[in-house]
Every structure is written in structure tokens, then in C-alpha cells.
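Here's the structure we're looking at; comments come further down.
The values are calculated or read from the model by the stated rules, or taken from the named source; none is laboratory data. As the structure is a prediction and not an experimental result, all values here were calculated from the model. Note: ideal-geometry Cβ built from the backbone for every residue, glycine included; neighbour counts use all protein chains shown.
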Amino acid sequence: MDLTLSAEQRAMRSTLRELVSSLWPDDRLRAAADAPGLDHGSWTALAELGLFGLTVPERDGGMGLGFADAAVLFEELGRGLVPGPLVSTALAASVVPEAVTGKAIVAMLDTGDPTPLAEHVESATHLVAVNDDGLFLSLAGEYTRQPVDRPLDPLTPLSLVTLPHGLGERIGSAADAARWRTEGTVLTAALQVGVAQGALDLAVRYAGERSQFGRVIGSFQAVKHLLAESLVKLDLARAATLVAALAADDAGAEDAGDIEEAASAAKVLADKAATEGGRTCVQVHGGMGFTWEVLAHLYLKRAWLLATGFGDADEHAARLGALLGRASESAS
């Protein structure tokens, strides 16, 4: 399997990187952490680039691309710490047409989670409830929310959501809900790969600037090892995520377990790369890494938050064990 990016994918990544850099420079991210909330201008700019309709067929107003393309671009969103219900809006674009243009902002509530939390609900126009039995759509005003005072990621407002009138209008079957969770896992893994890359970039830059004992700290063996370990974990996670995205693109796959296995492996490795890479970024910055001004803490907190989305590493590791166990029994 060739995981080399095509010329078109590299061009799309470069275009998105330039846009994200202009929309969310470091000073704006710091300001947004003090006053979180969705910026509609930035959201519209992402929509105009076609981000939310990447996998939507062209006849329906999308770009008609594959999940591998989406994974490449969602990595850039993670790298730039772009806030917003990115995954849920992209997943909902096929059933909420205005999500493609950015007019609809779609939050998500997974009824399987022990606590009914949803991101960016205060800015959302729609809410999709993901249940084992299917997908259900509610409009803003058809649910109540209670904001969390101190969310884990200061760029991601969270709310406790209540659906007093039921789950909403059915828009998908149980199979659609299962696919939503699998594809959401892949896109979240891609975001985590981007978070890991952004944290590593920040740590490498600081290690090349900060001097101690007459030398830049990046020349010290202990720091080199930390950064090299982060790079190895990042490369493994990126490869696993691309494999999972390609599996999701394989519409002719007869065994859905293959896609689930690839998605779970990607999530486990991406969560590890992002959370441990975020800690390394803080460690390399030393005392500066614990300050509000340095973005290291934002990468670590985003990694912690995304690690809880679409199943944590323990859940996916258990799922992998069960899938591999069934495959072994079938082969014997």
C-alpha cells in the first residue's frame, strides 16, 4: 500500500495550511482561549474552501473526494488548533445540505457516552444524536444545554445537553450510525495526528532557539531523544490513520470489521502520539511550557479532549482485541 501523498493532496494541504495560518495565528489562538466561541467568519472561509463537503458527491454540492483526502486536510486543522465542531459538521454534510456551505453548524451528541456532553452547542444550528439504533436530528431550540464552567480545552466550549422531546427526527439507520462512528474515529485520529505535528513543530522550534550553557538546548542528547521519540510516534500514527482512511474509501470492502480494526488502530496510535507529544512539548519548554502565553498547553489540552472523542484508547484497544480474536477463531 502506497501512502505517499499525491500532488493534488499536497497542493490542497498547502492551500489549507496558508488559510489556517492567516485565520488562526498564535496571538488569535491565545485570545480565543480567553474568550472561546465560534468565529463565523473563519467558519465560512473553511466552508468556501470546500472543507465540509470533501466527501459529499459533486452532484450534491460537495467535492466528491475520498476519506484519504479528508484525513490529510483534517490533519492540518489539528496542526493549527482550529476550533469548532469540525468532525460532526463534515459527517453531517451528506444529510444536512447547508453544512457544506457553512450555513449549518452541526454539533453531535453520542448517546453511548456516560455524560451527555456536546461541543460548541451554543453556536450550533443543528444537533445530531448518534444512537445504536440510528441518527437523529434536532434544530437549535429543540434541546437544552448547560455550559461547562471550565472545559478541558479552553478553545472548545462544552455543554451538558438534554433532549426533552426525544432524540429528534430520524435521519439514519443503525448502519448509518455505525458508519458515522467509524468515520468520525478516522477524522478524529487525523486531527490528533495534526495536534502531534503542531506540538512537535513548536518544541523543535523552541529547542533551536533556547540556549543554556552556551548551546541551544536542541543540541543536548536528552532533548534530541525526546523529540525523536515524538517523531516516531507521529509517523506511526499518520501511517495508521491514512490506512484507516483508505479502508473507509474502499466501498467494495466486504468485511466492515476490517475498517473498524483500522480505525481503532489509528485512534489508539494517534491518541498516544498527540498526548505524549503534547507532554514532550511542555517538557522541552521547561518552566515556560506551563505559562498561558506559550501554546504548548493548548496542544496538550486539545489532545486530551480529542482522546475522549469517538471512544478512548482503552475502548479501541478492547475492540481491537475482540476483532482480532474473532479473526483468529475464523482462521482456525
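Things to note:
- The range 269-291 residues that are part of a helix (DSSP H, G or I), paired with ones that are of a type in the set (S, T, N, Q) and surrounded by fewer than 19 Cβ atoms within 10 Å (Cβ to Cβ) (beta carbon under 8 Å, 6 or more apart): GLY289/GLN283
- Residue in the range 154-169 that is within 26 Å of ALA303 (Cα to Cα) and free of Cβ contacts under 8 Å to residues at least 12 places away in the same chain present: no
- Each residue in the range 134-159 was checked for being within 26 Å of SER94 (Cα to Cα), in contact with a strand residue (DSSP E or B) (Cβ under 9 Å, 6 or more places away or on another chain) and assigned to a loop (DSSP other than H, G, I, E, B), and 5 pass.
- The set of residues in the range 292-329 being under 26 Å from ASP132 (Cβ atoms), modelled with pLDDT of 95 or more and outside any loop (DSSP other than H, G, I, E, B) consists of LEU305, LEU306.
- Scanning the range 288-307 for residues that are more than 16 Å from GLU75 (Cα to Cα) and of a type in the set (Lys, Arg) turns up just one, LYS301.
- Residue match in the range 36-44 (condition: more than 18 Å from ALA245 (Cα to Cα), in contact (Cβ under 8 Å) with a residue 12 or more places away in the chain and buried (at least 21 other Cβ atoms within 10 Å of the Cβ)): yes
The rows are residues; the columns are (1) more than 28 Å from PHE67 (Cβ to Cβ); (2) among the charged types (D, E, K, R); (3) surrounded by 23 or more Cβ atoms within 10 Å (Cβ to Cβ); (4) modelled with pLDDT under 95.
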| site | (1), (2), (3), (4) |
| --- | --- |
| THR185 | no, no, yes, no |
| ALA189 | no, no, yes, no |
| GLY194 | no, no, yes, no |
| GLY198 | no, no, yes, no |
| ARG205 | yes, yes, no, no |
| ALA222 | yes, no, no, yes |
| LEU226 | yes, no, no, no |
| VAL232 | no, no, no, no |
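- Near pairs, Cβ below 8 angstrom, 6+ apart or cross-chain, from the range 214-237 (free of Cβ contacts under 8 Å to residues at least 24 places away in the same chain) to any residue that is of a type in the set (Asp, Glu) and loosely packed, with under 14 Cβ neighbours inside 10 Å: VAL216/GLU209
- Qualifying residue in the range 237-258 (condition: at pLDDT 90 or above, surrounded by 13 or more Cβ atoms within 10 Å (Cβ to Cβ) and farther than 20 Å from ALA190 by Cβ): no
- Residue list for the range 222-233, restricted to those being of a type outside the set (Asp, Glu) and under 17 Å from TYR206 (Cβ atoms): ALA222, VAL223, LYS224, HIS225, LEU226, LEU227, ALA228, SER230, LEU231
- Residue in the range 171-178 that is at negative phi, in contact with a Gly (Cβ under 9 Å, 6 or more places away or on another chain) and crowded, with 20+ Cβ neighbours inside 10 Å present: yes
- The set of residues from the range 125-145 being surrounded by 12 or more Cβ atoms within 10 Å (Cβ to Cβ) and more than 23 Å from LYS103 (Cα to Cα) comprises ASN131, ASP133, GLY134.
- Verdict on GLY80 being closer than 17 Å to TRP24 by Cβ, among the small types (Gly, Ala, Ser), surrounded by fewer than 24 Cβ atoms within 10 Å (Cβ to Cβ) and touching a residue at least 60 places away in the same chain (Cβ under 8 Å): yes
- Looking only at the range 268-327, and only at residues there that are buried (at least 18 other Cβ atoms within 10 Å of the Cβ) and among the β-branched types (Val, Ile, Thr), the one that is farthest from the chain's Cα centre (by Cα): VAL284
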